[in-house]
1. Among Arg62, Arg14, Arg34, which one shows the biggest mean-square fluctuation in a GNM of the chain, springs joining Cα atoms closer than 10 Å?
2. With +1 on each Lys and Arg Cβ and -1 on each Asp and Glu Cβ, and nothing else charged, work out how big the dipole of the chain is about its Cα centre, in Debye to the nearest 20.
3. For Val43 and Asp2, what is the calculated FRET efficiency with R₀ set at 25 Å and r taken between the beta-carbons, to the nearest 0.05?
4. Pairs Lys48/Lys72; Lys33/Lys61; Lys4/Lys68; Lys19/Lys58: which exceed 25 Å Cα-Cα?
5. For the chain, what is the relative contact order in percent, using Cα pairs closer than 8 Å and at least 6 residues apart in sequence?
6. Longest exposed-loop-site-free stretch of the chain, with chymotrypsin sites (Phe, Trp or Tyr not before Pro), DSSP loop and at most 16 other Cβ within 10 Å?
7. Which Cα, out of Cys39, Ile12, Gly65, lies furthest along the positive dipole direction of region 3-71 (beta carbon charges, K/R +1, D/E -1)?
8. Hey, how much of the P(r) for region 3-71 falls beyond 20 Å, as a percent of Cα pairs?
Amino acid sequence: MDEKEFDRIEAIIRSMTPKERRNPDIINGSRRKRIALGCGMRVQDVNKLLKNFEESKKMMKRMQGMAKFASKGGFRMPFGH
């Protein structure tokens, strides 16, 4: 991620209300439009950021599940003990 991309993300997040930052699920179409206008970007840019955030959240949950599985001795090599 380059500096410009980071600046864009920051601008979108700063255009959100504190409530929207805490709970992105409440961001509907009109809120997305307001956020886009507030940061000078397109609604598609806001949608992309929210989608990436959701995907990251899902991946973190999967990784936590894998860590729990591994801590219970779940990942063992098939050969050798």
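Only the coordinates and a few stated rules stand behind these numbers; no lab work does. All figures in this text were calculated on a predicted structure; none of them were measured in a lab. Heads up, the Cβs are rebuilt from the backbone with ideal geometry, glycines too, and the neighbour counts pull from every protein chain shown.
1. Answer for the Gaussian network model of the chain: Arg62.
2. Values: 20 positive and 10 negative charges, 93 e Å.
Magnitude of the dipole: close to 440 debye.
3. Computed FRET efficiency for Val43 and Asp2 comes out at 0.65.
4. Too far apart for the 25 Å limit: Lys48/Lys72; Lys33/Lys61; Lys4/Lys68.
5. This gives 21 percent for the chain.
6. 1-74
7. Gly65
8. Numbers: 832 of 2346 pairs.
So the portion of pairs separated by more than 20 Å is 35 percent.
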